[in-house]
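Student: A single structure is presented below for examination.
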């Protein structure tokens, strides 16, 4: 081993030790809550069609999994009730302080639940893990004091945009404007010092979430932010196969126009929706969570080998 690499990896030891402990704590939490740990394929013939996520091809008819979501919901449809998974996910074109094309994702799903249940899960999971990792009631990330024990902030997307940007996104906002204002003006204000739940997204920005009863302009989707970093994305699942097919078709057509790639329709997943009752699911970024708990500067610090060194 070259001396430079030895020094780099040695400098990561503290972060990797915290990462190991966090993974053990996550498993301990879900086992204590009665969840079953599952494993689903890393190779798939039909990833979920989503406009802003690009799968990485892995052969003439396969892709690396962008998320275990579709397979895990097929398990729910087959009768599983509470399941979780810690796995790798792959997405093309993602690299930066908070992004890697290969990353570790935690996902869990509940039958008979909605996005409010997932929000309670998040609070219990974060507090359980932080209490074990930290000796104090708070943490520090990049000079900002963090508190996981206090009252968590809760904002609607509409309320946050009115507060920090000055406009109402409505049910069908311009996606480029929405994404830009979210990343530059809204997100940086969320989760200080306690985590923030940002909920009720515009219907056009929640491809796999169900519409909120009594308010057709928003979907039952939320994201969890802490110290300005998105940690999790969850929702009450859309279980109508016809509506889901229509949304997938729109995403496939959009990606074909912009990227020239005709992605396949996930027929096995759509067929399973005929047996899927009310449920909720969430994706939780393990690497970013470890960053927060270890006061790391970048996602590069909390993985042994990044995409450029592997």
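The values are calculated or read from the model by the stated rules, or taken from the named source; none is laboratory data. Values in this document were obtained by computation on a predicted structure and should not be read as measured data. All Cβ positions, even for glycine, are placed from backbone atoms using ideal geometry, and neighbour counts span all protein chains on display.
Student: What's the number of the only condition in (1) surrounded by 15 or more Cβ atoms within 10 Å (Cβ to Cβ); (2) out of contact with any helix residue (DSSP H, G or I) (no Cβ under 8 Å at 6 or more places or on another chain); (3) in a strand (DSSP E or B) that residue 104 fails to meet?
Tutor: Among (1) surrounded by 15 or more Cβ atoms within 10 Å (Cβ to Cβ); (2) out of contact with any helix residue (DSSP H, G or I) (no Cβ under 8 Å at 6 or more places or on another chain); (3) in a strand (DSSP E or B), the lone unmet condition for residue 104 is (2).
Student: Do we find a residue being at pLDDT 95 or above, crowded, with 21+ Cβ neighbours inside 10 Å, touching a helix residue (DSSP H, G or I) at 6+ places or on another chain (Cβ under 7 Å) and outside any helix (DSSP H, G or I) anywhere in region 282-297?
Tutor: yes
Student: Can you find, within region 124-149, the residue that is farthest from residue 69 (Cα to Cα) among those that are assigned to a helix (DSSP H, G or I) and free of Cβ contacts under 8 Å to residues at least 40 places away in the same chain?
Tutor: Looking at the filtered set, the residue picked out is 131.
Student: Go through (1) more than 20 Å from residue 117 (Cβ to Cβ); (2) within 19 Å of the chain's Cα centre (by Cα); (3) at pLDDT 95 or above and name the single condition residue 237 misses.
Tutor: Condition not satisfied by residue 237: (1).
Student: Right, next: Return the pairs, sorted by first residue and then second, in which the second residue is in a helix (DSSP H, G or I), the first residue lies in region 24-38 and is within 11 Å of residue 128 (Cα to Cα), the beta carbons are less than 6 Å apart, and the residues are 6+ apart or on different chains.
Tutor: So the pair list comes out as 25/129; 25/132; 29/125; 29/128.
Student: If residue 272 satisfies every condition in (1) farther than 20 Å from residue 108 by Cα; (2) in a helix (DSSP H, G or I); (3) touching a helix residue (DSSP H, G or I) at 6+ places or on another chain (Cβ under 7 Å) but one, which is the exception?
Tutor: (1)
Student: Being out of contact with any helix residue (DSSP H, G or I) (no Cβ under 9 Å at 6 or more places or on another chain), in contact (Cβ under 8 Å) with a residue 24 or more places away in the chain and either buried (at least 18 other Cβ atoms within 10 Å of the Cβ) or not in a strand (DSSP E or B) (or both) is the requirement here; does residue 221 meet it? Explain how you work it out, then say what you get.
Tutor: On the way: out of contact with any helix residue (DSSP H, G or I) (no Cβ under 9 Å at 6 or more places or on another chain): no; in contact (Cβ under 8 Å) with a residue 24 or more places away in the chain: yes; either buried (at least 18 other Cβ atoms within 10 Å of the Cβ) or not in a strand (DSSP E or B) (or both): yes.
No.
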